[in-house]
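Participant: Following this message is one structure expressed as structure tokens.
The values are calculated or read from the model by the stated rules, or taken from the named source; none is laboratory data. Being a predicted model, the structure only gives us computed values, none of them experimental. Neighbour counts run over all protein chains shown; Cβ positions are idealised from the backbone, glycine included. Side chains are part of the model used for accessible areas, which takes the heavy atoms of the whole protein and leaves out ligands, DNA and RNA. Shrake-Rupley method; radii C 1.70, N 1.55, O 1.52, S 1.80 Å.
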Amino acid sequence: MARISKSKNNAAEIPQHIAIIMDGNGRWATRRALPRNAGHAAGSETFRRIATYCRSIGVKYLTVFAFSTENWKRSAEEVQGIMQLFDKYLHEAIEEMARDQIRLRVLGDLTRISPELRALIEQTDEISQEYEGFQANICINYGGRDEIVHAARAFARDCADGRRTPEDLTEAMFSGYLYTEGIPDPDLIIRPSGEIRISNFLLWQSAYSEYYFTDVLWPDFDEAELDRAIESYHRRERRYGGAQ
Ligand code: IPE
Ligand code: IPE
Ligand code: MG
């Protein structure tokens, strides 16, 4: 269990929603003279381990960035290897979800994903819909800008169809058009691998998230690292624009 010292500020609780940019798989593999896809395989094991840990310490939502709308720029071999890992993970997850009552959602533009993988995603979504415990969200072909454009299009369609008028739109309503509909905004966003940037992740949802950056590469990320991130989160004072 996490050894977490509680403080009096409003970040004292375990974050309800943690989001992670799972970065550094390629460098991890290259340093070991392994193919990049060996890094992705190791990274998927880290995800499994961290999801289990998050659930055990009372985190309600874990959202991970697994493949971005920009990651198609990589070699066909690497992209194919990553897609195969999703397929393998989801097949294995079906049993685990039922055993542990885990809700699994895949977020992103799935129109570019193979029909086979899409069918598997729909299947896992349907199976886990009734589970209300811990929720894991895996972002695949996800881009924050793409998500906002997708939402704006859907809202425009509803206006054109007469279901809404432009004046109806509020921030809360717009949130409901995003892939993350129904999921609270992340409290804590973690990026391993030493890069200090957001790379198109959860642009709308991160308005008031706390950030944690570490040089550790994702396949080396472990429970102790997550504890460090949460300890750092506990030292923050979340003001949301207010004054002390
Ligand atoms: C993150 O690791 C996984 C994906 C983006 C699919 P990277 O593959 O980006 O690893 P580095 O940044 O090259 O080390
Ligand atoms: C962000 O990592 C995307 C994922 C982890 C899935 P990248 O490795 O693609 O980001 P950049 O290129 O370093 O910004
Ligand atoms: Mg990277």
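Participant: Out of all the residues in segment 198-215, which are open to solvent by less than 40 Å² (accessible area, probe 1.4 Å), of a type in the set (A, V, I, L, M, F, W, C) and within 16 Å of ligand 3 (Cβ to nearest atom)? Step through it out loud before you land on a result.
Facilitator: Residues of segment 198-215 open to solvent by less than 40 Å² (accessible area, probe 1.4 Å): 200-202, 205-206, 209-210, 212, 214.
Next cut, of a type in the set (A, V, I, L, M, F, W, C) only: 201-202.
Once the filter is applied, which keeps residues that are open to solvent by less than 40 Å² (accessible area, probe 1.4 Å), of a type in the set (A, V, I, L, M, F, W, C) and within 16 Å of ligand 3 (Cβ to nearest atom), segment 198-215 yields only Phe201.
Participant: If you scan segment 167-197, which residues turn out to be in a loop (DSSP other than H, G, I, E, B), touching a residue at least 24 places away in the same chain (Cβ under 8 Å) and within 16 Å of ligand 3 (Cβ to nearest atom)?
Facilitator: Once the filter is applied, which keeps residues that are in a loop (DSSP other than H, G, I, E, B), touching a residue at least 24 places away in the same chain (Cβ under 8 Å) and within 16 Å of ligand 3 (Cβ to nearest atom), segment 167-197 yields Pro192, Ser193, Gly194, Glu195.
Participant: Take Trp28 and tell me if it is out of contact with any strand residue (DSSP E or B) (no Cβ under 9 Å at 6 or more places or on another chain) and of a type in the set (Phe, Trp, Tyr).
Facilitator: yes
Participant: What residue, of Ala98, Ala29, is within 15 Å of ligand 2 (Cβ to nearest atom) and part of a helix (DSSP H, G or I)? Spell out the reasoning first.
Facilitator: Details: Ala98 fails: within 15 Å of ligand 2 (Cβ to nearest atom).
Answer to the selection: Ala29.
Participant: If you go through segment 172-187 one residue at a time, do you hit one that is within 21 Å of the chain's Cα centre (by Cα) and among the polar types (S, T, N, Q)?
Facilitator: Step one: list which residues in segment 172-187 are within 21 Å of the chain's Cα centre (by Cα), which gives 172, 174-187.
Within this subset, residues satisfying the condition of being among the polar types (S, T, N, Q) are 175, 180.
Yes, some residue in segment 172-187 is within 21 Å of the chain's Cα centre (by Cα) and among the polar types (S, T, N, Q).
Participant: Then there's this: Of the residues in segment 90-110, how many are within 15 Å of ligand 1 (Cβ to nearest atom) and surrounded by fewer than 18 Cβ atoms within 10 Å (Cβ to Cβ)?
Facilitator: Result for segment 90-110: 0.
Participant: List, please: which pairs have Cβ atoms under 7 Å, are six or more places apart or on different chains, and start with a residue in segment 218-230 that is over 13 Å from Ala19 (Cβ atoms) and touching a residue at least 40 places away in the same chain (Cβ under 8 Å) and end with one that is away from ligand 3 (no atom under 16 Å from the Cβ) and of a type in the set (Phe, Trp, Tyr)?
Facilitator: Filtered contacts from segment 218-230: Glu223/Tyr53.
Participant: Scan segment 32-54 for residues that are open to solvent by 80 Å² or more (accessible area, probe 1.4 Å) and within 13 Å of ligand 2 (Cβ to nearest atom) and report the count. It would help to see each step written out before you state the result.
Facilitator: First pass over segment 32-54, keeping only residues open to solvent by 80 Å² or more (accessible area, probe 1.4 Å): 32-33, 35-36, 45, 49, 52.
Keeping just the survivors that are within 13 Å of ligand 2 (Cβ to nearest atom) gives 36.
The qualifying residues number 1.
Okay, residues lined up against (1) under 15 Å from Tyr142 (Cα atoms); (2) touching a residue at least 40 places away in the same chain (Cβ under 8 Å):
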{"site": "Val59", "(1), (2)": "no, yes"}
{"site": "Phe67", "(1), (2)": "yes, yes"}
{"site": "Trp72", "(1), (2)": "yes, yes"}
{"site": "Val79", "(1), (2)": "yes, no"}
{"site": "Ala119", "(1), (2)": "no, no"}
{"site": "Tyr131", "(1), (2)": "no, no"}
